[in-house]
Amino acid sequence: MTFKILSLDGGGIRGVLSATILKEVEKTLIEKTGQKLHEYFDLVSGTSTGSILAAGIACQMEADKMIELYQKSGKDIFLDSVREQRKWRKVSQAVGSHVLYPHEQGERGLAKVLENQLKKSPLGKKLDKSPTIAGIDKPHILIPAYDVYSRNTTWFNNSDPTAWYSNLELWKICTASASAPTFFPPYELPYNEHQSLPHIDGGVSANNPALMAVAHALLIEKQNGLNLSDITVLSIGTGNTTKVFKYEEIKGWGQLGWAGNLADMFMSPAAQNSEAICYHILESAGRDYLRLDFDLNERFQGKQQPDRLRESLKEKNPYNEFIFEQKNQKKPVKEDIDNPDNCPELIEAAECYLECGQVHYKNQRVLVKKAIEQFIESHSV
């Protein structure tokens, strides 16, 4: 037996990049197997913006609809008025963390958008409210969020009907998982009739949930005899930020400076470690691990190596290498995670990556589209 895992990283509005890659995966799946995302994968795990995509797949949303969510609802999540205040506070050296995007502001805000969008039942029928996590029969889903009260990462999943969160709606769990510190306030989830538990972005502990997903699969399928050698993983990122931080700049950072760069400085290393560990574990078991992700911008002279070490640290004007290769245009891609205006260029970069990008897969460098085809064909039975 083969147990197929889809893992989706966090990254705010850059989730539109992941959704664009998912569109190609979905297209190839339909062509090769006749199946859709929720039918092909046994477990879908997502952190933060990846949790929104995971929930969308569980609710049988097509990839086009997920892309549309970012394009049309992005400004209802990351409000222009709030973003302008955050920029002003940063320039004036005020405490920018006091200006946060709302969970709910009328019909706008992260929670309100997700409540309105995640309304498809597993049967494909429109509901008045989002399905509960226990109401999703297939696929298995796993969404991490960090419980700041208990100081634990909660592994929200639909495999344990007795869990305290089993009757929580998906949109609430996704709101918790996507409440990134310094961008959103914590989100309270009702624990019982007397107490609630405040949660923040799952990226604090697992921005790339692939390793967590492997562990969860082994646990929930233990009774069915699942072994590590039976597991295969498709992991999709949200683009790597390559913004340079120089000593002269960071040596004078106080609390504001570090808080303003929290996502860049602390979430990415943990995600990279998860990627490397998961890859080595599955390689040792002789199983597939396909990682689809890329640097948003090239910033250094010298060809980038697969291990991300560079031949030279001499900076150059940043640009996206795939847009350049495909369209002969040296243009940078904005790396902010909270600016919906970036959606068109993020989609363009992902589309060019799909057309001309290469990835290390099965001990060789192959085109991204070919790797997707090989992954699906290898595990379509």
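The values are calculated or read from the model by the stated rules, or taken from the named source; none is laboratory data. Everything numeric here is computed off the predicted structure, so don't read it as measured data. Heads up, the Cβs are rebuilt from the backbone with ideal geometry, glycines too, and the neighbour counts pull from every protein chain shown. Surface areas here come from the heavy atoms of the whole protein model, side chains and all, with no ligands, DNA or RNA. Shrake-Rupley method; radii C 1.70, N 1.55, O 1.52, S 1.80 Å.
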_The listed residue being aliphatic (A, V, I, L, M) and touching a Lys or Arg at 6+ places or on another chain (Cβ under 8 Å), out of Leu218, Leu189_ = Leu189
*touching a helix residue (DSSP H, G or I) at 6+ places or on another chain (Cβ under 8 Å), over 25 Å from Gly203 (Cα atoms) and either part of a helix (DSSP H, G or I) or at pLDDT below 90 (or both), is that true of Glu275?*
no
_Return the residues of segment 220-244 that are within 20 Å of the chain's Cα centre (by Cα) and not polar (S, T, N, Q); say none if nothing qualifies._
Val233, Leu234, Ile236, Gly237, Gly239, Lys243
*If you check Leu29 against the conditions, is it of a type outside the set (Ser, Thr, Tyr), over 27 Å from Ser205 (Cα atoms) and in contact with a Phe, Trp or Tyr (Cβ under 9 Å, 6 or more places away or on another chain)?*
yes
*Of all residues in segment 338-356, count the ones that are open to solvent by less than 30 Å² (accessible area, probe 1.4 Å) and either at positive phi or not polar (S, T, N, Q) (or both).*
12
*Residue among Thr242, Thr238 that alone is outside any helix (DSSP H, G or I), modelled with pLDDT of 80 or more, farther than 25 Å from Ile173 by Cβ and not charged (D, E, K, R)*: Thr242
_Which of the numbered conditions does Glu249 fail, given that it passes all the others? Conditions: (1) within 23 Å of the chain's Cα centre (by Cα); (2) open to solvent by 30 Å² or more (accessible area, probe 1.4 Å)._
(1)
*Search result, residues across segment 29-46 that are assigned to a helix (DSSP H, G or I) and farther than 15 Å from Ile57 by Cβ*: Glu31, Lys32, Thr33
_Number of positions in segment 197-234 that are part of a helix (DSSP H, G or I) and either among the aliphatic types (A, V, I, L, M) or at pLDDT below 95 (or both)_ = 20
*Checking Val366 against (1) surrounded by 15 or more Cβ atoms within 10 Å (Cβ to Cβ); (2) in contact with a helix residue (DSSP H, G or I) (Cβ under 6 Å, 6 or more places away or on another chain), which test does it fail?*
(2)
